[in-house]
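K.L.:
Structure below; questions to follow.
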Amino acid sequence: MKRELTCIVCPRGCLIQLVEDGEHYICTGNQCKRGEVYAIQEVTEPRRMFTTTVQIVGSKLSRCPVVSSSAIRKEDIFKIRDVLDGLVIQAPIHVNDIIVENILGTGIHIIASRSIKKDA
């Protein structure tokens, strides 16, 4: 199997060729070690940061933006979205407050990415 990827780890945007050689991967085109790590992970277990909003009550705003504390597996994105879909939180919320700890047993937290004051 041969794949070509554009590395997104740093601004260089190296064009990486990744060839599976039995149990190992041969990576060329990357100008740093991080590119190799990125390419192998993208092929074996792709991950993405997850951002969305959740409902909030007690504030003039109706939604609170949240983000995952680290990248999650792409296969878990819709499962996590479904968990957060019905979630309602209470104002006030401060940036970096943990909204859901260890979501779906992944070890990843969903955190607030904005502070929202309680409505007076």
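The values are calculated or read from the model by the stated rules, or taken from the named source; none is laboratory data. A quick note: this is a predicted structure, and the numbers were derived from the prediction, not measured. Quick reminder, even Gly has a Cβ in these numbers, built from the backbone with ideal geometry, and neighbours come from all protein chains shown.
K.L.:
Quick one: in the range 52-73, of everything that is within 14 Å of I103 (Cα to Cα) and not in a strand (DSSP E or B), which residue is nearest to the chain's Cα centre (by Cα)?
P.N.:
A71
K.L.:
Shifting gears a bit: How many residues does the range 27-36 hold that are in contact (Cβ under 8 Å) with a residue 12 or more places away in the chain and part of a helix (DSSP H, G or I)?
P.N.:
Initial filter on the range 27-36 (in contact (Cβ under 8 Å) with a residue 12 or more places away in the chain): 27-32, 34-36.
From what's left, part of a helix (DSSP H, G or I): 34-36.
Count: 3.
K.L.:
Another question about this same structure. Regarding the range 98-112, can at least one residue be identified that is surrounded by fewer than 14 Cβ atoms within 10 Å (Cβ to Cβ), outside the structural domain of T6 (by TED's automatic domain parsing) and under 13 Å from the mean Cα position of the chain (by Cα)?
P.N.:
yes
K.L.:
Here is a follow-up. Taking A39 as the residue in question, decide whether it is under 29 Å from L15 (Cα atoms), assigned by TED's automatic domain parsing to the domain that holds C7 and small (G, A, S).
P.N.:
Criteria met by A39.
K.L.:
Shifting gears a bit: Check whether at least one residue in the range 58-70 is within 30 Å of K2 (Cα to Cα) and polar (S, T, N, Q), and report yes or no.
P.N.:
yes
K.L.:
Only one of V88, V43, V37 is surrounded by fewer than 11 Cβ atoms within 10 Å (Cβ to Cβ) and among the β-branched types (V, I, T). Can you tell me which? If you could, list the steps in order and put the result at the bottom.
P.N.:
On the way: V43 fails: surrounded by fewer than 11 Cβ atoms within 10 Å (Cβ to Cβ); V37 fails: surrounded by fewer than 11 Cβ atoms within 10 Å (Cβ to Cβ).
Sole residue among the options that is surrounded by fewer than 11 Cβ atoms within 10 Å (Cβ to Cβ) and among the β-branched types (V, I, T): V88.
K.L.:
Anything in the range 62-74 that is within 13 Å of K117 (Cα to Cα) and buried (at least 16 other Cβ atoms within 10 Å of the Cβ)? List them, or say none.
P.N.:
C64
K.L.:
Looking at (1) closer than 30 Å to R3 by Cβ; (2) touching a Gly at 6+ places or on another chain (Cβ under 6 Å), which one does T106 not meet, given that it meets all the others?
P.N.:
Just one mismatch for T106, condition (2).
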